[in-house]
1. Among Ala164, Ala109, Ala155, Ala141, which is open to solvent by less than 50 Å² (accessible area, probe 1.4 Å) and either farther than 24 Å from Ser23 by Cβ or more than 22 Å from the chain's Cα centre (by Cα) (or both)?
2. I'm trying to understand the selection: among the residues of segment 169-182, which are open to solvent by 70 Å² or more (accessible area, probe 1.4 Å) and either farther than 17 Å from Val7 by Cβ or modelled with pLDDT of 75 or more (or both)?
3. Could you list all residues from segment 32-89 that are more than 30 Å from Glu105 (Cβ to Cβ), part of a helix (DSSP H, G or I) and among the acidic types (Asp, Glu)?
4. When both residues are 6+ apart or on different chains and their Cβ atoms are under 8 Å apart, which pairs have a first residue that lies in segment 143-163 and is in contact (Cβ under 8 Å) with a residue 60 or more places away in the chain and under 14 Å from Asp220 (Cβ atoms), and a second that is open to solvent by 50 Å² or more (accessible area, probe 1.4 Å) and of a type in the set (Phe, Trp, Tyr)?
5. Could you tell me which residue of segment 1-45 is surrounded by the most Cβ atoms within 10 Å (Cβ to Cβ), considering only residues that are of a type in the set (D, E, K, R) and more than 14 Å from His87 (Cα to Cα)?
6. Could you list, in sequence order, the residues of segment 112-135 that are open to solvent by less than 40 Å² (accessible area, probe 1.4 Å) and either within 30 Å of Thr162 (Cβ to Cβ) or assigned to a helix (DSSP H, G or I) (or both)?
7. Which condition does Ala143 not pass, out of (1) farther than 13 Å from Ile5 by Cα; (2) modelled with pLDDT under 95, if it passes all the others?
8. Going through segment 46-104 one residue at a time, which ones are touching a residue at least 12 places away in the same chain (Cβ under 8 Å), hydrophobic (A, V, I, L, M, F, W, C), more than 18 Å from Gly20 (Cα to Cα) and open to solvent by 50 Å² or more (accessible area, probe 1.4 Å)?
Amino acid sequence: MPTVIAVRGIAEERIAPELGAVSLTVSASGAERDSTFARTSLAHEQLLAEVRELESSGALDSWSAGQVRVSSHRPWNNEGRQLPVVHQASADVEVVFTDLERLAEWVGAVSLGESIGVGGIDWRLTDATRRRTQEAAQRGAVADAVAKAAVYASALGLGAPTPAELADTGLLTAHPVPQGGGERLYAMRVSADSTGSGGPSLVPAPLVIEAAVEARFTADPA
């Protein structure tokens, strides 16, 4: 009777990011609603003018901008007294760079603006590169499962294992481990070196695409 061998195969691919998505917020606050809205709208238009120049130069993959919105609230001071109304105006902008050197230069300059806040940078891959790298990780996970099954079969004195079932993690086991599904992408870290005189130099670490599979093999006595 053949022996059933169940294994989990894991593999990862590391690759440098191709795109950098910068999240920004243009904002201002003040006692007068109309003037606060006007200041924010002006800063918003000035920022979008810069973004359009970047787009014309070929440095961008895409960009998007939300409308200026206004909210109002009455803050409290440390004595528990409610203060006059404060109006807050803001708008979100996302700029996706293909030229990562220009990204670093631009972020360093735009972050000096009084009305502009940089929320962060999301490092990404193009769709084509992600699919290609994901496939490589999936093939690596299958190869890992095959190699593990061969080791177990050899240790038991069995012949070469024959694949019987293969699935993404969690589809073959009743209680999947908290490792995630078939594949996932994450950034290992993002570092910034601001020691140079030319402003911050953003150095993204490789993105990691991880794949995992579960497999069952059968092996007969050697």
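The values are calculated or read from the model by the stated rules, or taken from the named source; none is laboratory data. Given the structure is predicted, the values throughout are model-derived calculations rather than measurements. Cβ atoms come from the backbone with ideal geometry, glycine included; neighbour counts cover every protein chain shown. For the accessible areas, the whole protein counts, side chains as well, though only heavy atoms, and no ligand, DNA or RNA atoms are used. Shrake-Rupley method; radii C 1.70, N 1.55, O 1.52, S 1.80 Å.
1. Values: Ala164 fails: open to solvent by less than 50 Å² (accessible area, probe 1.4 Å); Ala109 fails: open to solvent by less than 50 Å² (accessible area, probe 1.4 Å); Ala155 fails: open to solvent by less than 50 Å² (accessible area, probe 1.4 Å).
Answer to the check: Ala141.
2. Leu171, Pro178
3. Within segment 32-89, Asp34 is the sole residue that qualifies.
4. Pairs found: Pro161/Tyr152.
5. Step one: of segment 1-45, the residues of a type in the set (D, E, K, R) are 8, 12-14, 18, 32-34, 39, 45.
Filter once more, so that each one left must be more than 14 Å from His87 (Cα to Cα): 8, 12-14, 18, 45.
Numbers: Arg8: 18, Glu12: 18, Glu13: 21, Arg14: 13, Glu18: 17, Glu45: 12.
Looking at the filtered set, the residue picked out is Glu13.
6. We begin by selecting, within segment 112-135, every residue open to solvent by less than 40 Å² (accessible area, probe 1.4 Å); these are 113, 115-117, 120, 123, 125, 129, 133.
Listed by number, the residues that qualify are Thr129, Thr133.
7. Exception for Ala143: condition (2).
8. Val85
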